[in-house]
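The values are calculated or read from the model by the stated rules, or taken from the named source; none is laboratory data. Just so it is clear, the model here is predicted, and its values are computed rather than measured. FYI the Cβ positions are ideal-geometry reconstructions off the backbone, even for glycines, and counts take in every protein chain you see.
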Amino acid sequence: MTVHNPFTATVLGTARIGPRRELKRATEGYWAGRLGADELRAVGRELRTRQLTELTAAGLDSVPVGTFSYYDQMLDTTAMFGALPARVAGIADPLDRYFAAARGTENVEPLEMTKWFDTNYHYLVPEIGPGTTFTLHPDKLLDELHEARQLGVPARPVIIGPFTFLKLAKGAEDTDDTGGIAPLDRLNDLLPHYRDLLGRLANAGADWVQIDEPVLVTDLSDAELAQVRRAYAELAGAGRRPAILVATYFGRPGPALPALADMGVEGIALDFVSGTTVDDVAAVPALADKLVVAGVVDGRNVWRTDLDHALSTLGTLLGSTGALAVSSSSSLLHVPYSLEPETDLDPALRSWLAFGAEKVDEVRVLNTALHKGTGAIAEELSTAREAAASRGSDPRLRNEPVRARLAALGEDATHRSPAAERRALQRERLKLPLLPTTTIGSYPQTSAIRRARAALRKGEITAEQYREQMRTEVADVVALQEKLGLDVLVHGEPERNDMVQYFAEQLDGFFATANGWVQSYGTRCVRPPILYGDVARRAAMTVEWIEYAQSLTDKPVKGMLTGPVTILAWSFVRDDQPLADTARQVALAIRDETVDLQSAGIRVVQVDEPALRELLPLRAGAEQAYLDWAVTAFRLATSGVSDATQIHTHLCYSEFGEIIGAIAALDADVTSIEAARSHMEVLDDLNAAGFHLGVGPGVYDIHSPRVPGVEEITASLRSALKAVPAERLWVNPDCGLKTRGPDEVQASLRNMVTAAQAVRR
Ligand code: GLN
Ligand code: ZN
């Protein structure tokens, strides 16, 4: 059987914030009242038009439509099915209602935000309860489809699938997620609306629809697989509908693949970059009459595709599929738009990369080879081979001294003396009161600080002037902490633009892009550094700052470093060696820094690992191996100091469940942890995991401008004391203070110190 009307070249989705972050500016302008809704919509339309036209001109014969978003695709899906939470229902204007659900208002809490699988993108978590009523509002998608068709674009609408949508939702307040109705129990009520939607798309001229089901690459129970089968049997059975392409990405679908293939859908997209193999496809006979959309171009990392390897994968797939299309492995949402603005990059480095536009071209090239033979892409092949050869042999990729040092390290490089011995020495040296107070590192990044950094970048002030100004900031922060009576001080991190970029700029093996922005959430974009070669520390990175801060006070000042896992998680990483090896190199650089801090008289060093959970593999079977190397890297970074030096770490953004054992294994003397929401739970879990070290469960939520009262913090401390003896309990906010205003910070910390004093008494 042949596939009706297949296509050959596509991507699963695209970035949408704008090549120059135009949508960010417009959206923030709308929020600030500088731009009207019509003007915002015009910017959106203009960006879509440009992108659709470019993708079509670039040679894609099926172009994703509907992946544009003013904030987030999960939120768009929630709105499309009328499932925004009741608390925003009173907001009449649909755009404002949408943004209220995304960001909250004075009176309304926003939806929760969390990581999109193991990427650095964050989605808004739908709240689905037994009382949620679903209704279909397909206008956004239909309008964008219409708009694309008007432009002559071979449009393929993209929606998030019902299974992924519900699986990623959380129970609404009126439900009990564990015992009562889970969002997935509402599948039957939601499916008719998906069927309606398919009908509407077909009527609007769509011949294919892409239904994203990335949840299928995670571990699913048999009951869940049965639900997937049921959902797709029902959708495939819809009377009038486009051909259905179910898109999986970020991993191997495993048993979900045969399940789906049997269900009468016409196509399946598979991610050959994150583990799916040609054998997985060959093992499912039903794929012989389906369209397989082969994700051979990495949608989430920045390296140029190995065309020879991709062609061999594609060639093999030809034999076991009904039709074959070349594609990115995931949406291009996760990579920057284009290399074109990166004019300052070293030409060799540049030749190793492919951002969004270059990836689209790789898809075109591979598709050409598939249909016309490799002779038709001789030039592109030779450029790709040259780039690969240059990358393989570039001396900057290997740093032999670093490799030799790592090879020579023994077991003891990741071990310190027993915690009790360390504790005794540190107590003697630091002489801290019970329930010591501290902060997580950063103080408000005021507009004065940001202005100075911009002025430095533009050459309006000298490096020396910048440094002087930052030293003044440090002195102010130290003075403030002394005045407030905190026990372990910090320097405030004014000199850091970002906790990863700051280190990446000073380490060999990284380079920064000029315009490599990717959306993190809503209008927030980040510019991850690119880790391309062996990592090595050229010189001390932070010592001068911390030493200066320490010179201003007798109280201990905490050195502040970012840990190896977090540095990897928030960078684009090299793909030519195991991540674990790269982590060891970063760890060695951080280790050298801790030792230098110690030599400079610093008695406490914090190594932040807020991203520890983020790299956790999507499948349980792979978790332990990851946690092993992650913990080893942290311990390598923190075991070079003497027992009398106190190591802190800080963790946040996490449901700590699966990593609780790893937190104990980090063996940090003190762990500060985000716990404003689930205080006792985290402590109980830590106890259950045998954790016996110092712990500072955040006593207030820094993500809100609200100043917590003394009573409230006192109560929080008293409840913590039920789970942790006073000798181990630290008092701190739940994260860094850089996004807060100076006045709030002062008031909050004053209350925190007062509460600690009260509880001590
Ligand atoms: N030390 C960092 C800060 O205080 C930690 C930030 C984080 O946890 N993301 O800002
Ligand atoms: Zn934090």
Is there a residue in the range 300-309 that is assigned to a helix (DSSP H, G or I), at pLDDT 95 or above, within 20 Å of residue 391 (Cα to Cα) and not charged (D, E, K, R)?
yes
Filtering the range 274-289 down to residues that are surrounded by fewer than 24 Cβ atoms within 10 Å (Cβ to Cβ) and within 18 Å of residue 262 (Cα to Cα) yields 279, 280, 282, 283, 284, 285, 286, 287, 288, 289
Just give me the residues in the range 478-501 being on the phi > 0 side of the Ramachandran plot and within 16 Å of ligand 2 (Cβ to nearest atom), in sequence order.
492, 493
Looking only at the range 575-632, count how many residues are assigned to a helix (DSSP H, G or I) and either within 25 Å of residue 298 (Cβ to Cβ) or within 16 Å of ligand 1 (Cβ to nearest atom) (or both).
21
Which residue pairs have Cβ atoms closer than 7 Å, lie 6 or more positions apart in sequence or on different chains, and pair a first residue in the range 493-504 that is within 16 Å of residue 606 (Cα to Cα) with a second residue that is among the polar types (S, T, N, Q) and in a helix (DSSP H, G or I)?
500/566
Residue by residue through the range 613-668, note down the ones that are within 16 Å of ligand 2 (Cβ to nearest atom), buried (at least 18 other Cβ atoms within 10 Å of the Cβ) and among the hydroxyl-bearing types (Ser, Thr, Tyr).
649, 654
Enumerate the pairs (first residue in the range 444-457 and in a loop (DSSP other than H, G, I, E, B); second residue anywhere and hydroxyl-bearing (Ser, Thr, Tyr)) with beta-carbon separation below 9 Å, excluding pairs fewer than 6 apart on the same chain, so at least 6 apart or on different chains.
444/739; 445/739
Quick one: which of 97, 16 is buried (at least 17 other Cβ atoms within 10 Å of the Cβ), of a type in the set (Lys, Arg) and touching a residue at least 24 places away in the same chain (Cβ under 8 Å)?
16
All positions within the range 92-104 that are touching a Phe, Trp or Tyr at 6+ places or on another chain (Cβ under 9 Å) and either hydrophobic (A, V, I, L, M, F, W, C) or more than 21 Å from residue 170 (Cβ to Cβ) (or both):
95, 99, 101, 102
Conditions (1) within 15 Å of ligand 1 (Cβ to nearest atom); (2) exposed (fewer than 15 other Cβ atoms within 10 Å of the Cβ): number failed by residue 726
(1)
Kindly indicate whether any position in the range 29-48 is aromatic (Phe, Trp, Tyr) and assigned to a helix (DSSP H, G or I).
yes
All positions within the range 328-348 that are without any contact (Cβ under 8 Å) to a residue 40 or more places away in the chain and out of contact with any strand residue (DSSP E or B) (no Cβ under 7 Å at 6 or more places or on another chain)
340, 347
Taking the conditions exactly as written (in a loop (DSSP other than H, G, I, E, B) and either out of contact with any helix residue (DSSP H, G or I) (no Cβ under 8 Å at 6 or more places or on another chain) or of a type in the set (Gly, Ala, Ser) (or both)), does residue 432 satisfy them or not?
yes
